[in-house]
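Let me begin by presenting the structure, written as structure tokens, before commenting on it.
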Amino acid sequence: MTITLAITGASGAVLARAALERLERDARVEHVDLVASPHGMRVAREELALAEGTLEQFAARLLGHAAAKTQVHDDRNIGANIASGSYRSQAMIVVPCSMGTLAAITHGHADSLIERAADVALKEKRRLLLAVRESPFNRIHLRNMLAADEAGATLFPVMPAFYDQSATVGAMADQFAARLLEHCGLPQADGFQWQG
Ligand SMILES: Cc1cc2nc3c(=O)[nH]c(=O)nc-3n(C[C@H](O)[C@H](O)[C@H](O)COP(=O)(O)O)c2cc1C
């Protein structure tokens, strides 16, 4: 599979890190296209204490090692592969997804690479997971979420489960990431399953 991972400026960079780690080590995933908005990089640097650097360095610092199958893209590069429906990408995950990016996707702005790639995912009827995060929501957020769902996206709010007994934030983020990948058609052997 080829999957796009987009990081925007909502809180929750630890979830993006967990998702990228799982995508990188999943043998069924051949290629990952990674794109972060400028605000997404800024918030991630703050939350994960990452040093400034190039896009490649950002990916490596997020992972803690050099990426093996991840291609990084500048959010301003509207000519990147993922901007076209002809590029065979099976799913796109936006984690975390800010209310700003949710609004832009919902209203078809397609100005940045993230917005365009999400627009492409919707028009090609491909999986688009939006891990939205804000609290509390205003009615604009709520209406935009409904509109995104109606357009074909899956709203995957940053609302981790608490019944899996995750002991740390990292473990909770990892299980959240496992659920994201499961929704991309990638069952996770170590994903928690409630047994009743
Ligand atoms: C530390 C920090 C945390 C933020 N958390 C959120 C958040 O949880 N949800 C949100 O919608 N915006 C949040 N924002 C605001 C967004 O970063 C801002 O609206 C930005 O314009 C989003 O741009 P983007 O969607 O292009 O990444 C946060 C900003 C900062 C600096």
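Here His73 fulfils each of the conditions (1) within 16 Å of the ligand (Cβ to nearest atom); (2) closer than 26 Å to Met159 by Cβ apart from (2).
Checked against the criterion of being touching a strand residue (DSSP E or B) at 6+ places or on another chain (Cβ under 6 Å), more than 15 Å from the ligand (Cβ to nearest atom), in a strand (DSSP E or B) and open to solvent by less than 50 Å² (accessible area, probe 1.4 Å), the candidates Leu129, Leu180 yield just one match: Leu129.
Do we find that Gly79 is of a type in the set (Gly, Ala, Ser), at pLDDT 95 or above and open to solvent by 60 Å² or more (accessible area, probe 1.4 Å) in this structure? Against the criterion (of a type in the set (Gly, Ala, Ser), at pLDDT 95 or above and open to solvent by 60 Å² or more (accessible area, probe 1.4 Å)), Gly79 qualifies.
Among the residues of segment 90-102, what is the count of those that are within 11 Å of the ligand (Cβ to nearest atom) and either in a loop (DSSP other than H, G, I, E, B) or over 16 Å from the mean Cα position of the chain (by Cα) (or both)?
Quick first cut of segment 90-102, residues within 11 Å of the ligand (Cβ to nearest atom) only: 94, 96-102.
From what's left, either in a loop (DSSP other than H, G, I, E, B) or over 16 Å from the mean Cα position of the chain (by Cα) (or both): 98.
Counting residues in segment 90-102 that are within 11 Å of the ligand (Cβ to nearest atom) and either in a loop (DSSP other than H, G, I, E, B) or over 16 Å from the mean Cα position of the chain (by Cα) (or both) gives 1.
Can you tell me which residue within segment 113-123, out of those that are open to solvent by less than 70 Å² (accessible area, probe 1.4 Å) and farther than 20 Å from Val43 by Cβ, is nearest to the ligand (Cβ to nearest atom)? Full working, then the answer.
Of the residues in segment 113-123, the ones open to solvent by less than 70 Å² (accessible area, probe 1.4 Å) are 113-122.
If we keep only those that are farther than 20 Å from Val43 by Cβ as well, we get 116, 119-122.
On the way: Arg116: 13, Asp119: 14, Val120: 17, Ala121: 16, Leu122: 17 Å.
Across segment 113-123, the extreme among qualifying residues is Arg116.
Looking at Val158, Val132, Val120, which is the one that is touching a Lys or Arg at 6+ places or on another chain (Cβ under 7 Å), closer than 25 Å to Thr2 by Cβ and among the β-branched types (Val, Ile, Thr)? Break it down into steps so the answer makes sense when it comes.
Numbers: Val132 fails: touching a Lys or Arg at 6+ places or on another chain (Cβ under 7 Å); Val120 fails: touching a Lys or Arg at 6+ places or on another chain (Cβ under 7 Å).
Selected residue: Val158, the only one of Val158, Val132, Val120 that is touching a Lys or Arg at 6+ places or on another chain (Cβ under 7 Å), closer than 25 Å to Thr2 by Cβ and among the β-branched types (Val, Ile, Thr).
Checking each residue in segment 20-37 for being part of a helix (DSSP H, G or I) and either under 18 Å from Glu115 (Cα atoms) or without any contact (Cβ under 8 Å) to a residue 40 or more places away in the chain (or both) picks out only Arg25.
Scanning segment 135-153 for residues that are touching a Leu at 6+ places or on another chain (Cβ under 9 Å) and open to solvent by 70 Å² or more (accessible area, probe 1.4 Å) turns up Leu146, Asp149.
Only one of Gly53, Gly40, Gly9, Gly79 is in contact (Cβ under 8 Å) with a residue 12 or more places away in the chain and part of a loop (DSSP other than H, G, I, E, B). Can you tell me which? Spell out the reasoning first.
Numbers: Gly53 fails: in contact (Cβ under 8 Å) with a residue 12 or more places away in the chain; Gly40 fails: part of a loop (DSSP other than H, G, I, E, B); Gly79 fails: in contact (Cβ under 8 Å) with a residue 12 or more places away in the chain.
Result: Gly9 is the single residue among Gly53, Gly40, Gly9, Gly79 that is in contact (Cβ under 8 Å) with a residue 12 or more places away in the chain and part of a loop (DSSP other than H, G, I, E, B).
The values are calculated or read from the model by the stated rules, or taken from the named source; none is laboratory data. In this text the structure is predicted, and so the values were computed from the model without any measurement. Every residue, glycine among them, receives a Cβ derived from its backbone with ideal geometry; neighbour counts consider all protein chains shown. SASA here: full protein model, heavy atoms, side chains in, ligands and nucleic acids out. Shrake-Rupley method; radii C 1.70, N 1.55, O 1.52, S 1.80 Å.
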